[in-house]
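Peer 1: Please read through the structure below; I'll follow up with questions.
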Amino acid sequence: MPLSLGLPSCIQVFQTKLRVHSHNRPLIYANLQSPQLGRRSANFRPTIWHDYFIHSIRNGDELDQIGNAKRVSKLKNEVSQMIYKEEPLRDKLELVDALQQLGVAYHFEEEINDALTDIHVSQDLSAIMNSDLYLVSLFFRLLRTNGFSVPEDIFKNYFDDKGHCKSKLSLDIHGMLSLYEASYLAKEGEEILEMARRFTTKHLINYLESSNFNDSRMKEHVANALELPLNWRMERLHTRWFIDQYKTADPTRSALWELAVVDFNIIQDLYKKELKQASRWWTELRFYEKLPFIRDRLVENYLTCVGTAFQPKHASYRIAETKANCLVTTIDDVYDVYGSLNELELFTDAIEQWDITLTEALPEYMQMCCLALVDTVESDAHDVLEKKGLNVTPILRRPWKDLCKAYLVEARWYHNGYVPTLEEYLDNGWVTIGANVFLSDAYCINDDVTATNLEQFSTGYPDIVRYSCTLARLYNDLATSSDELKRGDTKKSIQCYMHHENVTESVARGEIMDMIRKYWKLLNGAVLGNSAFHKYFKNACLNISRIAQCIYQHGDGYGKPDSETKDQVTLLLLDPIKSI
């Protein structure tokens, strides 16, 4: 009997029924639990963030919180007046840029939209094109980032008749850096921006290596950009870095810096409370006892949700998504590491039919996974039904069914010794990364969802989701494929390409990086070209790719979370910024 609408009472009925049946399991259960059944182990590192530590994290004093809220209100009024008072185009754009990089633009969405709309409507593009490179590039980047249409032809004056960047541009370091950042907003087929990316990258590297330039501050900004362009960075981590940079950058706008610091600390205090809430849920599941083979990564999962939607109003999404992320990781490890193919076939069938009674013949660890998954998804759907009067149950169930079916495909490949082509692998792999779950949740669990919105998402995954998921998959493969092969996992994109194209690992990695640039262009185009989706959802699609890049930039920051990922947790979730 499959679950119906998904009320909590229904879950309790099925949990009770399953417990009753578990005392008299059929013979197949004994066979599946047989000692002769070989189990792999990935030997994942234990968590470095235990429950007792999480609950020992101190939140801000209540009186301090009240005082900070008053300071934010006062500073917001000051900054709002600045937005409307700034007259010269350069000053206006630099102010908007600072607000966005400082992470406080969400307080001024209406003011910023008004300012950029006025700029977009009133500015003569031909006049802009004759401005200096820094201003043109800033104009282009900010307008595109905020959803306004600006053609790449705005840069054509900076190229010669042969289509090459004019060499004198290399002397304008501020302009080069601005153009470099703008070039990463390119859509597919925009050759001017691609040439600009190559040209600026080459000359910015030369700048760093030259002894003729002594501006240490500028060199730090260039090095930071070359490591990773702004459009690819996890927003909240960049904000943390930029706040430190901005403190001495513009003393005339001290209110911006003060607002950024106080706001960052207020939001961080909220994160601490949310993390404790998620920890209570994870502890009550007791997966770390019953499923010791999985990656216990609650804090890292919560960090990725901060990367997807950092603003305070998305608290419900962050909690829901942390739970989903923990379950994705658990079920992934079941398929990749621990489950037999026979078990996985039955488990997949139970999820596809959304019928937990089908797991009665399976081991206890699989029953726990199924119950936790059903409970979580149905609870999320029930919350949306109560708040919005919308039935999102089919949309929230679908990605889990697709995910388990895709996991099973990989399990069959592994057990049959089959090496798919790169195309076959990615056609399945964009689902196995699990981001389809996160983006389906992001679409449904937000204040702006409507019945009309749901119709647009009910027939399948739009391209914007597939591009985002594919980027997350490729970033993951670059960092984790070697370790996964050592523990007996299925071959990833790099090995598939090496096998079928008969090339070295270095060549295959270069191909994957080219694909990453290609899919970023496709994602940029989907974000800019699709007006059917709310800005919040588009940003979630961008941020899923950014957080994947962030977690896997220096290796497997998820499987081995005691290096860069640990520092990121400390910066964003634990240590407040000192305001002095």
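Peer 1: Could you run through the range 159-180 and say how many residues are without any contact (Cβ under 8 Å) to a residue 40 or more places away in the chain and not in a loop (DSSP other than H, G, I, E, B)?
Peer 2: Residues of the range 159-180 without any contact (Cβ under 8 Å) to a residue 40 or more places away in the chain: 159-171.
From the residues that got through so far, the ones that are not in a loop (DSSP other than H, G, I, E, B) too are 159, 165, 167-171.
Going through the range 159-180 one residue at a time, the tally reaches 7.
Peer 1: Further, regarding this structure: Filter the range 57-101 down to residues that are polar (S, T, N, Q) and open to solvent by less than 70 Å² (accessible area, probe 1.4 Å) and give me whichever is modelled with the lowest pLDDT.
Peer 2: Gln65
Peer 1: Those residues that are surrounded by fewer than 19 Cβ atoms within 10 Å (Cβ to Cβ) and either farther than 22 Å from Glu378 by Cα or of a type in the set (S, T, N, Q) (or both), I need them from the range 341-354; list them, please.
Peer 2: Correct list: Leu341, Asn342, Glu345, Gln353.
Peer 1: Sticking with this structure for a sec: Tell me which of these Asp441 doesn't satisfy, since it passes every other one: (1) buried (at least 23 other Cβ atoms within 10 Å of the Cβ); (2) not in a helix (DSSP H, G or I).
Peer 2: (2)
Peer 1: Would the range 143-154 turn up any residue that is open to solvent by 60 Å² or more (accessible area, probe 1.4 Å), out of contact with any Pro (no Cβ under 9 Å at 6 or more places or on another chain) and under 18 Å from Leu177 (Cβ atoms)?
Peer 2: Yes: one or more hits.
Peer 1: Inspect all residues belonging to the range 291-306 and state whether any of them is closer than 21 Å to His382 by Cβ and out of contact with any Leu (no Cβ under 7 Å at 6 or more places or on another chain). Walk me through how you get there before you give the answer.
Peer 2: So the first thing to find is which residues in the range 291-306 are closer than 21 Å to His382 by Cβ, and the list is 305.
Those still in the list that are out of contact with any Leu (no Cβ under 7 Å at 6 or more places or on another chain) too: 305.
Scanning the range 291-306 turns up at least one residue that is closer than 21 Å to His382 by Cβ and out of contact with any Leu (no Cβ under 7 Å at 6 or more places or on another chain).
Peer 1: Still on this structure: Determine, yes or no, whether Gly529 is closer than 30 Å to Tyr317 by Cα and open to solvent by 50 Å² or more (accessible area, probe 1.4 Å).
Peer 2: Working: closer than 30 Å to Tyr317 by Cα: yes; open to solvent by 50 Å² or more (accessible area, probe 1.4 Å): yes.
Judged against the criteria, Gly529 is a match.
Peer 1: Continuing with the same structure: Among Asp556, Asp477, which is the only one that is assigned to a loop (DSSP other than H, G, I, E, B) and closer than 29 Å to Tyr338 by Cβ?
Peer 2: When all the criteria are applied, what remains is Asp556.
Peer 1: Restricting attention to the range 394-423, which residues are open to solvent by less than 30 Å² (accessible area, probe 1.4 Å) and under 19 Å from Val465 (Cα atoms)? Talk me through it step by step, then tell me what you get.
Peer 2: From the range 394-423, those open to solvent by less than 30 Å² (accessible area, probe 1.4 Å) are 395-396, 399-400, 403-404, 406-408, 410-411, 419-420, 422; that's our starting set.
Ile395, Leu396, Pro399, Trp400, Leu403, Cys404, Ala406, Tyr407, listed by residue number.
Peer 1: Across the range 208-244, which residue is farthest from Leu523 (Cα to Cα) among those that are surrounded by fewer than 15 Cβ atoms within 10 Å (Cβ to Cβ) and of a type in the set (Gly, Ala, Ser)?
Peer 2: Ser211
Peer 1: Taking the stated definitions as given, is Ser481 over 23 Å from Tyr519 (Cα atoms), modelled with pLDDT under 95 and polar (S, T, N, Q)?
Peer 2: Values: over 23 Å from Tyr519 (Cα atoms): no; modelled with pLDDT under 95: yes; polar (S, T, N, Q): yes.
Answer is no for this residue.
Peer 1: Could you pull out the residue among Ile205, Ile192 that is assigned to a helix (DSSP H, G or I), in contact (Cβ under 8 Å) with a residue 12 or more places away in the chain and exposed (fewer than 14 other Cβ atoms within 10 Å of the Cβ)?
Peer 2: On the way: Ile192 fails: exposed (fewer than 14 other Cβ atoms within 10 Å of the Cβ).
Sole residue among the options that is assigned to a helix (DSSP H, G or I), in contact (Cβ under 8 Å) with a residue 12 or more places away in the chain and exposed (fewer than 14 other Cβ atoms within 10 Å of the Cβ): Ile205.
Peer 1: Here is a check on your reading of the model: is Asp124 out of contact with any helix residue (DSSP H, G or I) (no Cβ under 8 Å at 6 or more places or on another chain), charged (D, E, K, R) and open to solvent by 40 Å² or more (accessible area, probe 1.4 Å)?
Peer 2: On the way: out of contact with any helix residue (DSSP H, G or I) (no Cβ under 8 Å at 6 or more places or on another chain): yes; charged (D, E, K, R): yes; open to solvent by 40 Å² or more (accessible area, probe 1.4 Å): yes.
Yes.
Peer 1: Taking the condition of being within 13 Å of Thr330 (Cβ to Cβ) and either open to solvent by less than 10 Å² (accessible area, probe 1.4 Å) or not in a loop (DSSP other than H, G, I, E, B) (or both), how many residues in the range 290-318 meet it? Break it down into steps so the answer makes sense when it comes.
Peer 2: Initially, the range 290-318 is screened for residues within 13 Å of Thr330 (Cβ to Cβ), giving 290-298, 301.
Okay, now just the ones that are also either open to solvent by less than 10 Å² (accessible area, probe 1.4 Å) or not in a loop (DSSP other than H, G, I, E, B) (or both), so 290-291, 297-298, 301.
Residues that pass the stated criteria total 5.
Peer 1: Report, by residue number, each residue of the range 355-366 that is open to solvent by 10 Å² or more (accessible area, probe 1.4 Å) and in a helix (DSSP H, G or I). Break it down stepwise before answering.
Peer 2: Quick first cut of the range 355-366, residues open to solvent by 10 Å² or more (accessible area, probe 1.4 Å) only: 355, 357-358, 360-361, 364-365.
Scanning the range 355-366 gives Thr357, Leu358, Glu364, Tyr365.
Peer 1: Which residue, of Lys538, Lys566, Lys518, is touching a residue at least 24 places away in the same chain (Cβ under 8 Å), under 30 Å from Ala260 (Cβ atoms), open to solvent by 50 Å² or more (accessible area, probe 1.4 Å) and in a helix (DSSP H, G or I)? Please lay out each step first, then the result.
Peer 2: Details: Lys538 fails: open to solvent by 50 Å² or more (accessible area, probe 1.4 Å); Lys518 fails: under 30 Å from Ala260 (Cβ atoms).
Residue meeting the stated conditions: Lys566.
The values are calculated or read from the model by the stated rules, or taken from the named source; none is laboratory data. Note that the structure is a prediction, hence the values are computed from the model and not measured. Every residue, glycine among them, receives a Cβ derived from its backbone with ideal geometry; neighbour counts consider all protein chains shown. Accessible surface areas use protein heavy atoms only, side chains included; no ligands, DNA or RNA. Shrake-Rupley method; radii C 1.70, N 1.55, O 1.52, S 1.80 Å.
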